[in-house]
1. Determine if segment B:92-111 includes at least one residue that is of a type in the set (Val, Ile, Thr), in contact with a helix residue (DSSP H, G or I) (Cβ under 6 Å, 6 or more places away or on another chain) and modelled with pLDDT of 90 or more.
2. Test each condition in (1) surrounded by fewer than 17 Cβ atoms within 10 Å (Cβ to Cβ); (2) more than 12 Å from chain B (Cβ to nearest Cβ); (3) at pLDDT 90 or above for A:Leu111 and report the one that comes out false.
3. Restricting to segment B:70-102, and then to whatever is within 29 Å of B:Pro14 (Cβ to Cβ) and surrounded by fewer than 18 Cβ atoms within 10 Å (Cβ to Cβ), can you tell me which residue is farthest from the other protein chains (Cβ to nearest Cβ)?
4. (1) aliphatic (A, V, I, L, M); (2) more than 11 Å from chain B (Cβ to nearest Cβ); (3) surrounded by fewer than 14 Cβ atoms within 10 Å (Cβ to Cβ); (4) not in a strand (DSSP E or B): which one isn't true of A:Ile12, the others all being true?
5. When segment A:41-61 is examined, which residues are found to be facing chain B (nearest Cβ under 8 Å) and surrounded by fewer than 21 Cβ atoms within 10 Å (Cβ to Cβ)?
6. Go through (1) at pLDDT 95 or above; (2) within 22 Å of B:Phe101 (Cα to Cα); (3) within 15 Å of the chain's Cα centre (by Cα); (4) of a type outside the set (A, V, I, L, M, F, W, C) and name the single condition A:Tyr10 misses.
Amino acid sequence: EAGVAQSPRYKIIEKRQSVAFWCNPISGHATLYWYQQILGQGPKLLIQFQNNGVVDDSQLPKDRFSAERLKGVDSTLKIQPAKLEDSAVYLCASSRAGGYNEQFFGPGTRLTVL
Amino acid sequence: QKEVEQNSGPLSVPEGAIASLNCTYSDRGSQSFFWYRQYSGKSPELIMFIYSNGDKEDGRFTAQLNKASQYVSLLIRDSQPSDSATYLCAVNFMSGNQFYFGTGTSLTVIP
């Protein structure tokens, strides 16, 4: 079974630029999560999708961050414009529907904003 | 406000000792609890999950859950240097079927 795929693995941009991250979940997983993990901290949930509907985006900075999940499969997270404090690892995870199911994480995208 | 709290450590134990990691959560209605291990520069990986009050054992790992006290812990017996990592507690808040992670506890096992 293929794991969660993410790209790019690394990205360096200057502040005020835009950036997009892509995630392909495990086949059959209805739930997809985007997390932001700043160095030394735990993952912070940005947005959670169930199929292509949003379950929770309460911690997503909506003035600059946006995310979509087309057709309930792949997802894209965008930052526009980026700030220095957005430097972090962005993790995508997926799980089967329901709160009792394990999340599987992708390798993450390390973003550096200069 | 949904909160998951862990002692950030660092926690150091000698090889062969028992490491005890603790986690508290804010939502009394939470139903499922997960422990993840994260090595430096890597993604989190699941160690074990627990849903019911009491203990659950898996090899050298034991998860303990007390819903009345809103407390979940992870015990690692016979700690090995390879157990050195950050341990993340995750809680599923059933009010919205949302997952929240704690800040993690850094564990170092000293040979």
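1. Within segment B:92-111, the subset of a type in the set (Val, Ile, Thr) is B:103, B:105, B:108-110.
Filter again for in contact with a helix residue (DSSP H, G or I) (Cβ under 6 Å, 6 or more places away or on another chain), leaving B:109.
From what's left, modelled with pLDDT of 90 or more: B:109.
So far as segment B:92-111 goes, yes, one or more of its residues are of a type in the set (Val, Ile, Thr), in contact with a helix residue (DSSP H, G or I) (Cβ under 6 Å, 6 or more places away or on another chain) and modelled with pLDDT of 90 or more.
2. Unmet for A:Leu111, out of (1) surrounded by fewer than 17 Cβ atoms within 10 Å (Cβ to Cβ); (2) more than 12 Å from chain B (Cβ to nearest Cβ); (3) at pLDDT 90 or above: (1).
3. B:Asp78
4. (4)
5. Answer for segment A:41-61, where residues must be facing chain B (nearest Cβ under 8 Å) and surrounded by fewer than 21 Cβ atoms within 10 Å (Cβ to Cβ): A:Gln41, A:Lys44, A:Gln50, A:Val55, A:Asp56.
6. (2)
The values are calculated or read from the model by the stated rules, or taken from the named source; none is laboratory data. These numbers were taken from a predicted model, which means no experiment stands behind them. Glycine also receives a Cβ, built like all others from the backbone with ideal geometry; neighbour counts cover every protein chain displayed.
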